[in-house]
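The values are calculated or read from the model by the stated rules, or taken from the named source; none is laboratory data. Just so it is clear, the structure is predicted and the values come from calculations on it, not from any experiment. Counting neighbours? That spans all protein chains shown, and the Cβs are built from the backbone with ideal geometry, glycine included.
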Ligand code: ACO
């Protein structure tokens, strides 16, 4: 895929980090159908790109994402059922299906406005670092519409019920510091430090065992909807799956280094990775 041909999305890959940004700054990165189509292609491409260990989702200019493009995504498609259907599919596919199950860690780097529909991809990311100055709002109520398209679901699942109700019924704006206080984002930092802090976290994640990270995120997302018995069984099965798929046999390396060689303490940091340690183990068959 030639990323240079994209019109609504920018992709730069450096040092294992894919920097993906919505690229409609003149419209505050509001999401048009074409942006949705491009993001589906981008996420599919990056998922299995071995040069990518972490994905950062940001926005060009002074906005992260001003929600759906009210003209291009809604009004212009009102009388075009086929186009509307395809745009809705793509919109859901990248913002939820592909992003929440992306096989590598994902970080939302919230550099500015984050409104309405943008909350879906915000919650789909594993981490969110916001500028203190970023502005958030569940502005749907101000349009006379529902926080639909999954927004109502992700806020009830991800925020306290009190905060979900308060912000969706008042539409009140809040900044990055408040977003951190209500745990909408992982951390809020001054805008001048946003890129540096995001990069630090991305590099930290890039050093860890990729199969372990993938299994942790898959497991934590899914156990939320399970009973205790289901979760216990599922987590055991996931642990076994992870050991089978872990091409560097991290568990064995870690045990040897901790118990026999006494060269590391897992409480203080990761084991010394040898990425080729499991080169001869059996491959997953379809
Ligand atoms: N849909 C369509 N166009 C948009 C959107 C949007 N969601 N957001 C901004 N734009 C456009 C503006 O119409 C304007 O276009 P123009 O230059 O052709 O007039 C351009 O982007 C710049 O926007 P301004 O309003 O001039 O920028 P400002 O910095 O003053 O304000 C803000 C930014 C606060 C984001 C404002 O544009 C706004 O309130 N946008 C709507 C945000 C929103 O409610 N999103 C949720 C939509 S509902 C949903 O997602 C389901």
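For the structure I just gave you, tell me whether residue 22 is touching a strand residue (DSSP E or B) at 6+ places or on another chain (Cβ under 6 Å), within 26 Å of residue 171 (Cβ to Cβ) and within 16 Å of the ligand (Cβ to nearest atom). Here the answer is yes, as residue 22 does meet what is asked. Under the condition of being farther than 15 Å from residue 188 by Cα, touching a residue at least 60 places away in the same chain (Cβ under 8 Å) and in contact with a strand residue (DSSP E or B) (Cβ under 7 Å, 6 or more places away or on another chain), the residues counted in the stretch 127-152 number 1. Of the helices (runs of 4 or more DSSP H) contained entirely in the stretch 209-286, those carrying at least 3 residues that are in contact with a helix residue (DSSP H, G or I) (Cβ under 9 Å, 6 or more places away or on another chain), at pLDDT 95 or above and closer than 27 Å to residue 127 by Cβ fall at 210-223, 228-245. Taken together, 155, 182 contain a single residue that is over 30 Å from residue 250 (Cα atoms), without any contact (Cβ under 8 Å) to a residue 40 or more places away in the chain, crowded, with 16+ Cβ neighbours inside 10 Å and over 17 Å from the mean Cα position of the chain (by Cα), which is 182. In the set 167, 113, only one residue is farther than 30 Å from residue 211 by Cα, at pLDDT 95 or above and more than 12 Å from the ligand (Cβ to nearest atom); that residue is 167.
The strands (runs of 3 or more DSSP E) found entirely in the stretch 1-94 that carry 1 or more residues being free of Cβ contacts under 8 Å to residues at least 24 places away in the same chain are 9-14. Inclusion of residue 126 among residues that are within 26 Å of residue 216 (Cα to Cα) and crowded, with 17+ Cβ neighbours inside 10 Å is warranted.
The set of residues in the stretch 63-90 that are over 18 Å from residue 145 (Cα atoms) and either surrounded by fewer than 16 Cβ atoms within 10 Å (Cβ to Cβ) or more than 9 Å from the ligand (Cβ to nearest atom) (or both) comprises 64, 79, 80, 81, 82, 83, 85, 86, 87, 89, 90.
Consider residue 149 carefully, then state whether it is surrounded by 17 or more Cβ atoms within 10 Å (Cβ to Cβ), touching a helix residue (DSSP H, G or I) at 6+ places or on another chain (Cβ under 9 Å), under 30 Å from residue 214 (Cβ atoms) and at pLDDT below 95. Answer is yes for this residue.
Against the conditions (1) closer than 20 Å to residue 21 by Cβ; (2) within 13 Å of the ligand (Cβ to nearest atom), residue 152 satisfies every one except (1). Kindly check whether there is at least one residue in the stretch 253-266 that is under 19 Å from residue 206 (Cα atoms) and either loosely packed, with under 12 Cβ neighbours inside 10 Å or within 25 Å of the chain's Cα centre (by Cα) (or both). Within the stretch 253-266 (the criterion being under 19 Å from residue 206 (Cα atoms) and either loosely packed, with under 12 Cβ neighbours inside 10 Å or within 25 Å of the chain's Cα centre (by Cα) (or both)), the answer is yes, since at least one residue qualifies. Within the stretch 35-56, the set of residues being in contact with a helix residue (DSSP H, G or I) (Cβ under 8 Å, 6 or more places away or on another chain) and within 16 Å of the ligand (Cβ to nearest atom) comprises 36, 39.
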